[in-house]
């Protein structure tokens, strides 16, 4: 009997593990949704919309678990249509959402049943039990299928939603409560009202949480793809553009002449050189009106150096040129994109010397900055620092302690020499507050260069940092890497 109990227990544990890790994306006309399950919570259907950083939790799940539906991408036209409350549109999206959840639960039931049988079979092998004991694996398999079908599937009333949000986005949740009428006793009407409420929060003109606050556009790695400059100009508008290196491929005079128009992007256009840029190019950009930052000071149009820390858009900024910058005197020779410990040590001395004087730092290679940022967090836990990086062609937001590091990916979709990789145009938009300074949110934007379609994902950033929060562990880390591509 002990062996049988062990086989059944192994099946139950294996099924639980599959329930925990299995996720799947489903398409609906209004966008794309990722579905997953988190056990050991009060049963609920949890809908989260990262782009506006809020969520709504419905009762109706009887299993002690949350059925998560995270909106990964939004079709703005469809959302705007849904927000009007048009009956046909609402009915269609409601049906699609129901079918998407049903399809996911069907797949989940098959996965957990298979995992339960596999776990039971492995236990039979471990215990060297008779082969017929594998049949006992059917017990946990049936248990999990029944749990998914009858306890995890949302049922009953959805008329008492719980809204939640982080920090400054709490007013959005409160407005959502006001907009969603909860007095209807009809389940179908309640669902319709909640769908319309969801759409109103993500439709154009309804994102009010961070309205009017300063925005910084982080971009890098154009690599001569002049066709992407227009997309950057549209995204930037009147916001400052922080361009973190690799505007060109070699920094030659021919490339500089072609790319000079980019200095009219953003107000202002702030630049640090990457390993594919050159000293001659940096001077040309400075003469064209760009703010060109170097570790020794701002590069002026006459070649002289101004202050290291510059007040730009009301923020204190400094920049660190790539140590592998190309030189005109050296024939624009490729000096590589690698780094070594000496470069990391020099950057660390430079950065820590600016403590108390800066809010934002631009550095092309995030690997060079890594040890310095760890030292900053340890020595200056109460001094928020935003670090804009590039080089990896990978979108990422890493919020850790007092430091937020943002990489917009590649604004040139990898560049003209990298089109075979079919990368998306990538950039990041960081919303900040000036006094006291801190980064509030980072939107990672991707644009398909083929059809112009775009997606945006808002990354939640920690609340204001403090040494007390770090000691208590409440300053949770957030890291979100995106698609990888060629490293510049």
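Just so it is clear, none of the values below were taken in a lab; they were calculated from the coordinates. None of the values given here were measured: they were computed from a predicted structure. All Cβ positions, even for glycine, are placed from backbone atoms using ideal geometry, and neighbour counts span all protein chains on display.
Cα convex hull of the range 215-479: how many Å³ per residue?
115
What whole number of Å gives the distance from the Cα centroid of the range 251-276 to the Cα centroid of the range 325-356?
19
Within the range 215-479, what percent of beta bridges assigned by DSSP are antiparallel, to the nearest 5?
60
Provide 394, 9 in ascending order of the number of other Cβ atoms located within 10 Å of each residue's Cβ, fewest first.
Taking fewest neighbouring Cβ atoms as first place, the list is 9, 394.
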